[in-house]
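Reading through the C-alpha cells given below for one structure.
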Amino acid sequence: MGVSEPTNSEGKTKQFSNVSSMSDSITEAKLLLQKKQFSNALAITSNLLTRYPDNIEALYLTAVCQRYLQQPQQALATLNTLKSYHPNYARAYQEEGHNYRLSNSQAAISAYEKAVQLNAALIASWKNLNELYRAEGQIWSADHAQNQVDYWSGMPQALVSVSSLINEDNVVKAEEICRFFLKTQPKHTEAMRLLAAIGVKHKVLDDAEFLLESCLHFDPEFHQARLDYVNVLHKRQRYEKALEQALLLRSKSPNDVRYQMAVANESQAVGEFNQAIHIYREILNQLPDNSGVLIMLGHAYKTVGETDNAVAAYQKAGACQENFGDAFWSLANLKTYSFSADEITTMQAREQASDTPFEDRFHLSFALGKAFEDAGDYSQAFSYYAKGNALKKQQLGYQAARVDAECKAQIEVCTPALFSQHAPPSNTPNPPSIQTSQATPIFIVGLPRAGSTLLEQILSSHSMVDGTMELPNIMSLSHRLNGRGGIDKPKRYPQVLAELSAEQLGKFGEEFIRDTEVYRQGAPFFIDKMPNNFRHIGLIHLILPNAIIIDARRDPMSCGFSIFKQLFAEGQEFSYNLEDIGKYYNNYVELMAHWNTTLPGKILKMQYEDIVTDFEEQVRKLLDFCGLPFEESCLNFYKTKRSVRTASAEQVRQPIYQSGMQQWKHFESDLGPLSTLVSALT
C-alpha cells in the first residue's frame, strides 16, 4: 500500500508516531505522579511543552507536579498559560484552588467556584469549598457544597465522565456515552440534563429546551435542571418565561442565593430594574463582599441612570476581589469615569501579575486602553486595546466567511419578486398582520456604536413613542425558521421565506407585537434598536409591512475604531479584530444597498455626523419619516428619564457633542487593516 505513495505514507507514519510518542509520554508522567516521583514527571511534561506548548494535559500535569514540589508561584504561572489557551478548562481552576488554599482562602474559594461552575462533577472542589465556606461562616453555602459532594458521589461513573468531557470540549465523546446510557435508562434525569448541556454546546438550543422540559416533567423537584432551563430560556431570549421559572425556583428554596440571583437577573432582562436592584441589595445583606452581585447591582444602577451608585458598586466590587478586571472595565464602560493615577498603576500591576485569571486580564486590558486614551497616551492605549481584543478573540469561534454567506443568501432570496408576492392589494389600507389599533414598531438597525442609542433616545423623548431595548425577537424568529440542527448543519433561513404563506407571515407579525408588549408602556409607536436586525430586514418587512426602519450610519473608520475599543457583554463576535470589523462593515453596506434597491423608500438613513452638525433639521427629518409631529422634547433628549442598557447609556444623558467624531485619527497609523477594507466603499 505504501509503494504507490511513499511520501504520503511516510508522512502519515511520522504523524502517528508523534501522536503516539506524546500519548506515551503523558501516560508515563501520570504513572510517575502516582509513584510520587514528581521531579521525574515534571521533566517529562516540561520536555513535552517545548514541542507542544499548548497541550492541555502537559500543562495541567506540569502545574500538578509544581504544586507537589512546593512551587506554587510556578504552578500558578503554568495554570495561567493553560487558561490562556483553554480558558474554560475546569480542572485548571480546581488546581488553582489547591495552590491558593493554604495561603489565600478567598482566592481559593473563587477558583473552586469557577471550577464547579464549569464542571459540577469535580468532587474535590466541592469538598474543599465545604471546608472553606464553614471556616468563613458561610453555612448555607457549605451545606450546598456538601449536598453536591453527596449527589456526585452517588452518580454513575459514566455520567461523571460525561460532565468532565463536556467541560473539556470533547462533546462528541460525551454525547456518545450519554446517549448510550439513556438507551438503558431513558428517564434518568441527570443524563437528560447533561444531554441538554451538550445541546447548548452545539448551540442547538431548541433541543436543549425540550430535553430540560422533559427532565422536569419526570422530576419537577430537580432544581439544577430548572436552573439550567432558566439559562437556556435566557439564551433563547425568552425572558418572561425564564423569569417565571426563576420565581418558581425561589418559591421552592427562598434562601438559595443562586435562585435569588436568577430572579434578579431575569427581572433585569424584562426591564424590571427597580425589582432587580431590590433583590441584589437583599443578597448583599447576606453576602456584603460578593463581587459578582456588586457588579450586577452596578449594571442595574447604570441602566436607570443612577451613576454615582453604579460607581460605588463597581469600586466596592474591585476592592472585594483582587484582580477583578470586570470591576475596572465596568467603570471604564461608563464612558464618563476618569481613572486616577493610582487606579491606573493598580490596573497595570494586576494585568501583569502572573496569577491574574484570563478573563480578568482582557477586562483590565480594555479598561487600561480607555484610561490611557483619556490621558492622551494613544500609543499605550492602542497597545492595551490590541491586547484585550486578541485575548477576547481566543475565546470565540467567529468566522467572517459564515456571515458573508448569510448576507449573500439574504440578497439571493429576498428579491423584488418575493416582496411583490406578499404585497397587499392596492385597495387594502392596512395589511392583515398589522391593524391600526396595534402599536407600530420602529426598527433602528446598523452597526453597534453607530449612533443607534442616540436615535432611540431622541425618538423615545416623543410622547407617542416607547423606548424599549435591543429586542431579541426578530433574531429569535430567524433561529426558529432555521429549524433544528447544529451550527454546521444546512440552514433553512432565509430560503424558507419563499415557502411561507401570507397567513403564516401575518401570525409571526402578530406574535412580535404581542410578545414585545412586556417592554412597552402603551404608546402608539415603539422602538426595537437591535443593530443586527439589518441582516433580517426582508423578514421584518414580510411580517410587519407597516414597520418603520431607520439605518443608523456612521463614518466607517470612526465607527470601526469605536467598535474595536468596546468590550461587549455578549454577541458582536466580529468586533475583536480590525480585519473582521472591516469585512463585517462591507457586508453591512452591501446588504443595506440591496434593501434600498428592493424596498425603495422603506428605510431612512440617518448619518451620525449630520445629526451632530445639523441637529434640529435631522431630528425633524427623522420625526417626519416616522409620521410623528414635532415635539421640543426630542431636542432635549438628554433630559428624558428612562432606562438605557447600552454602552452609550451615560453619553445619551448629555447634550449632543462632537468630541468623539475624529477620535480615531489619534490611532490612524494602527488602523491599517480596517482602513484597507473599508476604503473601497467610501
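Can you tell me which of I550, I540 is touching a Pro at 6+ places or on another chain (Cβ under 9 Å) and buried (at least 23 other Cβ atoms within 10 Å of the Cβ)?
Criteria check complete, one pass: I540.
What tally of residues in the range 419-444 results from selecting those that are aliphatic (A, V, I, L, M) and either at pLDDT 95 or above or outside the structural domain of Q521 (by TED's automatic domain parsing) (or both)?
The qualifying residues number 2.
Conditions first: (1) modelled with pLDDT of 95 or more; (2) closer than 17 Å to L578 by Cα. G397 passes all but one, so which condition is the exception?
Among (1) modelled with pLDDT of 95 or more; (2) closer than 17 Å to L578 by Cα, the lone unmet condition for G397 is (1).
Hey, can you tell me all the residues within the range 227-237 that are of a type in the set (K, R) and either out of contact with any Pro (no Cβ under 9 Å at 6 or more places or on another chain) or crowded, with 22+ Cβ neighbours inside 10 Å (or both)?
K235
Among residues belonging to the range 288-304 that are in contact (Cβ under 8 Å) with a residue 40 or more places away in the chain and either part of a helix (DSSP H, G or I) or over 23 Å from the mean Cα position of the chain (by Cα) (or both), point out the one that is surrounded by the fewest Cβ atoms within 10 Å (Cβ to Cβ).
Our first condition is that a residue be in contact (Cβ under 8 Å) with a residue 40 or more places away in the chain; within the range 288-304, this holds for 302-304.
Narrowing the set further to residues that are either part of a helix (DSSP H, G or I) or over 23 Å from the mean Cα position of the chain (by Cα) (or both) leaves 302-303.
Details: K302: 25, T303: 21.
My answer is T303.
Which residue pairs have Cβ atoms under 6 Å apart, sit 6 or more places apart or on different chains, and have a first residue in the range 149-175 that is farther than 18 Å from A124 by Cβ and a second that is surrounded by 19 or more Cβ atoms within 10 Å (Cβ to Cβ) and of a type in the set (S, T, N, Q)?
Note: no pairs meet the criteria.
Being free of Cβ contacts under 8 Å to residues at least 40 places away in the same chain, touching a helix residue (DSSP H, G or I) at 6+ places or on another chain (Cβ under 8 Å) and not in a helix (DSSP H, G or I) is the filter here; which residues of the range 176-219 pass it?
Across the range 176-219, the qualifying residues are Q185, K187, H188, D219.
Can we say A135 is in the same structural domain as R67 (by TED's automatic domain parsing), within 24 Å of A77 (Cβ to Cβ) and small (G, A, S)? It would help to see each step written out before you state the result.
On the way: in the same structural domain as R67 (by TED's automatic domain parsing): yes; within 24 Å of A77 (Cβ to Cβ): no; small (G, A, S): yes.
Spelling it out, it is not the case that A135 is in the same structural domain as R67 (by TED's automatic domain parsing), within 24 Å of A77 (Cβ to Cβ) and small (G, A, S).
Please state which one of Y85, Y68, Y112, Y89 is aromatic (F, W, Y) and over 25 Å from D24 (Cβ atoms).
Working: Y85 fails: over 25 Å from D24 (Cβ atoms); Y68 fails: over 25 Å from D24 (Cβ atoms); Y89 fails: over 25 Å from D24 (Cβ atoms).
Unique residue meeting the criteria: Y112.
If we keep just the residues of the range 93-119 that are buried (at least 22 other Cβ atoms within 10 Å of the Cβ) and of a type in the set (D, E), which is nearest to T62 (Cα to Cα)?
E95
Look through L628, L622 and report the one residue that is within 32 Å of the chain's Cα centre (by Cα), surrounded by 18 or more Cβ atoms within 10 Å (Cβ to Cβ) and at pLDDT 70 or above.
L622
Please enumerate the residues belonging to the range 340-360 that are of a type outside the set (A, V, I, L, M, F, W, C) and touching a residue at least 60 places away in the same chain (Cβ under 8 Å).
S354, D355, T356, P357, E359
What are the residues in the range 362-383 that are of a type outside the set (A, V, I, L, M, F, W, C) and either buried (at least 24 other Cβ atoms within 10 Å of the Cβ) or touching a residue at least 40 places away in the same chain (Cβ under 8 Å) (or both), if any?
H363, S365, G369, K370, E373, Y378
Just to check your reading of the model, which residue among K187, K201 is basic (K, R) and either surrounded by 15 or more Cβ atoms within 10 Å (Cβ to Cβ) or closer than 19 Å to V116 by Cα (or both)?
K201
Exactly one condition in (1) over 18 Å from F358 (Cβ atoms); (2) in contact (Cβ under 8 Å) with a residue 24 or more places away in the chain; (3) touching a helix residue (DSSP H, G or I) at 6+ places or on another chain (Cβ under 6 Å) is false for V64; which is it?
(3)
Can you tell me which residue within the range 120-162, out of those that are within 14 Å of Q224 (Cα to Cα) and surrounded by 15 or more Cβ atoms within 10 Å (Cβ to Cβ), is nearest to the chain's Cα centre (by Cα)?
It comes out as A120.
When you go through N255, N274 one by one, which is the residue that is out of contact with any Lys or Arg (no Cβ under 8 Å at 6 or more places or on another chain) and part of a loop (DSSP other than H, G, I, E, B)?
After applying the criteria, what remains is N255.
What's the number of the only condition in (1) within 19 Å of L396 (Cα to Cα); (2) modelled with pLDDT of 95 or more that A569 fails to meet?
Failing condition for A569: (2).
What are the residues in the range 325-369 that are within 23 Å of T81 (Cβ to Cβ), outside any helix (DSSP H, G or I) and among the small types (G, A, S), if any?
Within the range 325-369, A353, S354 qualify.
Condition check ((1) of a type in the set (S, T, N, Q); (2) more than 23 Å from the chain's Cα centre (by Cα)) across all residues:
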| position | (1), (2) |
| --- | --- |
| I444 | no, no |
| G451 | no, no |
| Q457 | yes, yes |
| M475 | no, no |
| L500 | no, yes |
| Q504 | yes, yes |
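Is there any pair with a first residue in the range 262-281 that is assigned by TED's automatic domain parsing to the domain that holds A317 and a second that is of a type in the set (K, R) and surrounded by fewer than 24 Cβ atoms within 10 Å (Cβ to Cβ) whose Cβ atoms are under 6 Å apart and which are 6 or more apart or on different chains, and what are they?
Cβ pairs passing all conditions: V263/R250.
Name the helices (runs of 4 or more DSSP H) wholly inside the range 1-80 in which the number of residues that are among the polar types (S, T, N, Q), at pLDDT 90 or above and surrounded by 11 or more Cβ atoms within 10 Å (Cβ to Cβ) is 3 or more.
38-51
Of the residues that make up the range 450-471, is at least one in the same structural domain as I540 (by TED's automatic domain parsing), under 17 Å from L505 (Cα atoms) and at pLDDT 90 or above? Don't jump to the end; show me each part of the working.
Narrowing the range 450-471 to residues in the same structural domain as I540 (by TED's automatic domain parsing): 450-471.
Next, from what is left, pick out any that are under 17 Å from L505 (Cα atoms): none.
Checked the range 450-471: no residue is in the same structural domain as I540 (by TED's automatic domain parsing), under 17 Å from L505 (Cα atoms) and at pLDDT 90 or above.
Do we find that A349 is surrounded by fewer than 24 Cβ atoms within 10 Å (Cβ to Cβ), more than 21 Å from the chain's Cα centre (by Cα), under 12 Å from L368 (Cα atoms) and hydrophobic (A, V, I, L, M, F, W, C) in this structure?
For A349, the condition - surrounded by fewer than 24 Cβ atoms within 10 Å (Cβ to Cβ), more than 21 Å from the chain's Cα centre (by Cα), under 12 Å from L368 (Cα atoms) and hydrophobic (A, V, I, L, M, F, W, C) - is met.
Please report, ordered by residue number, the helices (runs of 4 or more DSSP H) entirely within the range 493-598 with at least 1 residues that are more than 20 Å from N389 (Cβ to Cβ) and in contact (Cβ under 8 Å) with a residue 60 or more places away in the chain.
Counting at least 1 such residues, we get 502-515, 537-543, 578-598.
Given the conditions (1) surrounded by 20 or more Cβ atoms within 10 Å (Cβ to Cβ); (2) in contact with a Ser or Thr (Cβ under 8 Å, 6 or more places away or on another chain); (3) more than 30 Å from E373 (Cα to Cα), and given that Y519 satisfies all but one, which numbered condition is not satisfied?
Unmet for Y519, out of (1) surrounded by 20 or more Cβ atoms within 10 Å (Cβ to Cβ); (2) in contact with a Ser or Thr (Cβ under 8 Å, 6 or more places away or on another chain); (3) more than 30 Å from E373 (Cα to Cα): (1).
Among the residues of the range 376-406, what is the count of those that are in a helix (DSSP H, G or I) and under 22 Å from the mean Cα position of the chain (by Cα)?
18
Within the range 245-278, take every residue that is over 15 Å from V293 (Cα atoms) and charged (D, E, K, R) and give me the one that is surrounded by the fewest Cβ atoms within 10 Å (Cβ to Cβ).
Checking each candidate, the answer is K252.
The values are calculated or read from the model by the stated rules, or taken from the named source; none is laboratory data. As the structure is a prediction and not an experimental result, all values here were calculated from the model. Because the Cβ atoms are built from the backbone with ideal geometry, glycine has one as well, and the counts that use them run over all protein chains shown.
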